[in-house]
1. Would you check which residues across region A:53-76 are surrounded by fewer than 24 Cβ atoms within 10 Å (Cβ to Cβ) and part of a loop (DSSP other than H, G, I, E, B) and list them?
2. If you scan region B:110-136, which residues turn out to be under 17 Å from B:Gly94 (Cα atoms) and in a helix (DSSP H, G or I)?
3. Just for region A:132-149: of the residues that are more than 12 Å from chain B (Cβ to nearest Cβ) and open to solvent by 10 Å² or more (accessible area, probe 1.4 Å), which one is nearest to A:Ala85 (Cα to Cα)?
4. Considering (1) in a loop (DSSP other than H, G, I, E, B); (2) under 12 Å from the mean Cα position of the chain (by Cα); (3) within 12 Å of chain B (Cβ to nearest Cβ), say which one A:His165 fails and leave the rest.
5. Can you tell me how many residues in region B:115-150 are crowded, with 18+ Cβ neighbours inside 10 Å, away from every other protein chain (no Cβ under 14 Å) and in contact with a strand residue (DSSP E or B) (Cβ under 6 Å, 6 or more places away or on another chain)?
6. Does A:Thr79 satisfy the condition of being part of a loop (DSSP other than H, G, I, E, B) and within 8 Å of chain B (Cβ to nearest Cβ)?
7. Go through region B:85-109 and give me each residue that's at pLDDT below 85 and part of a loop (DSSP other than H, G, I, E, B).
Amino acid sequence: MTRLVHAFATISMDTMVNVQVISDQPRAQVEQAVQRGFAWFDTVEQICTRFDPTSEVMRLIGSAGRPVRVSTLLLEAATFALSLAEQTDGAFDPTVGARLEQMGFDTNYKTGQRVHSATTVDRVSYRDVLIDRRAGTILLRQPLVLDLNAVVKGLAIDLAVRELHEYANLCFEAGGDIYVRGRNAGGEAWHIGIQHPRVEGLIARSLRLADEAVCTSGDYERRAPGVDGESHIIDARTRRPVTDLASVTVVAPTAMAADGLSTAAMVLGRERGLRFLEDQAVGGVLIAPDGAMVSVNL
Amino acid sequence: MHRGLAALSASAVAAIYLAGYVRTEPADAGLSPVATETPVATTPAATPTGVASTAAPARAASATATPAPARAASAAATPASQTTSGYKDGTYTGQGTSRRGDVWVQVQVMAGRIANVTITRSTLQYPLRDIAGLPQQVVQRQTAQVDLVSRATYSSMAFRGAVSQALASATAA
């Protein structure tokens, strides 16, 4: 049986988004669904970006001190990020946004404009974000920058693949975050390699997956231009970049979980991160700066 | 205590998807700012129409263009569909929105076919030459579903939204 591989790409969230759909349908038909998927990326970014002072999440700053009704998307993304913060006892904390700005992660990739938010940087934590799910509101107790970047790329992938529900075999990738469904063009489970965090081009481990998401958080992908090339993953308690691990890869049912949990495990460090992933019953591969690798549930 | 983040993420994705934010807006006019005080309806039955009522006029306009994608899909599935496009003859205008500016187009339908597409106005931050080839694609393919131009994603999307809107009028006419 001949199968067509339809490949599509776009740029969103400051990264390349690549889709492969294995289907007998003509390309134009598949493209309809893919474009609906891509549209989710722009929506998620538009609502959740901290690089645009007019985004919904950034406009919360101006309403600090009172509850603000928000879109379902922002409510759910923030709820998940806060749950992640609670379950890591604040090691992962989405309120580090202003600190990231200070470190030099402050430039809008589309406009080149730098952002600087009028916020209190040092004494905020996730406990300053109160969500009332019944009312659909978010209340910031202090003006703070909510950084949802650890979950939104995964979330966008999950929403996009829902638009592709009629296709049994596909691979959806955005900046290294991947969701695979069914089988590849060769009729096999999808073959996903984990990039070695220190040796470019070397695959540290490869996985065979179907109907799962894989995300990797690493200290090597984005380095701050400002502060000695610091990594973009910082420990909320010390406000310093993480050093214990070079990368964490998580395999989970959703890309949102894989995305968030890989960042959280990265912050937690080798031992606590491993336990955390074990408790969450997701697959994980943790690689230390010296190349030592441990895995869980894989 | 360390339980269930994967399950929580799955229910979050389902809730957002069911809220139906941009599901049927392939041209992504949803790039206009969201009104903070007017959240999206959260009922599973929420449709793009419900979204449009809470959004800026440009969005609402493009939401009305949603019949276009379905029709374009069936048209695209059969290359010989040029005679069955179902558009009424006339000249139609449409506006497409993106966060980097808007595009206005004029679409001329003759003998049921898209005969001519002209970009009539633009507030895009980018040069129009980026998307100069797209009007011709619309005529060739008889659909608003043109290629995205690499490095001109927003311009392409705004253009597509404009054509979708014009073709929606051509259908409703």
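1. A:Pro53, A:Thr54, A:Ser55, A:Ser63, A:Ala64, A:Gly65, A:Arg66, A:Pro67
2. Result: B:Leu128, B:Ile131, B:Leu134, B:Pro135, B:Gln136.
3. Among them, the one singled out is A:Asp147.
4. (2)
5. 4
6. When the stated conditions are applied, A:Thr79 does not pass them.
7. Those that are at pLDDT below 85 and part of a loop (DSSP other than H, G, I, E, B): B:Ser85, B:Gly86, B:Arg99, B:Arg100.
Listed here are the residues, each with its yes/no results for (1) more than 9 Å from chain B (Cβ to nearest Cβ); (2) open to solvent by 10 Å² or more (accessible area, probe 1.4 Å).
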position: A:Asp244; (1), (2): yes, yes
position: A:Ser247; (1), (2): yes, no
position: A:Met256; (1), (2): no, no
position: A:Leu261; (1), (2): no, no
position: A:Met266; (1), (2): yes, no
position: A:Gly269; (1), (2): yes, no
position: A:Leu286; (1), (2): yes, no
position: A:Met293; (1), (2): yes, yes
position: A:Asn297; (1), (2): yes, yes
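The values are calculated or read from the model by the stated rules, or taken from the named source; none is laboratory data. The structure displayed is predicted, hence computed values, not measured ones. All Cβ positions, glycine included, derive from the backbone under ideal geometry; neighbour counts span all protein chains shown. Heavy atoms of the whole protein, side chains included, go into the accessibility calculation; ligands, DNA and RNA do not. Shrake-Rupley method; radii C 1.70, N 1.55, O 1.52, S 1.80 Å.
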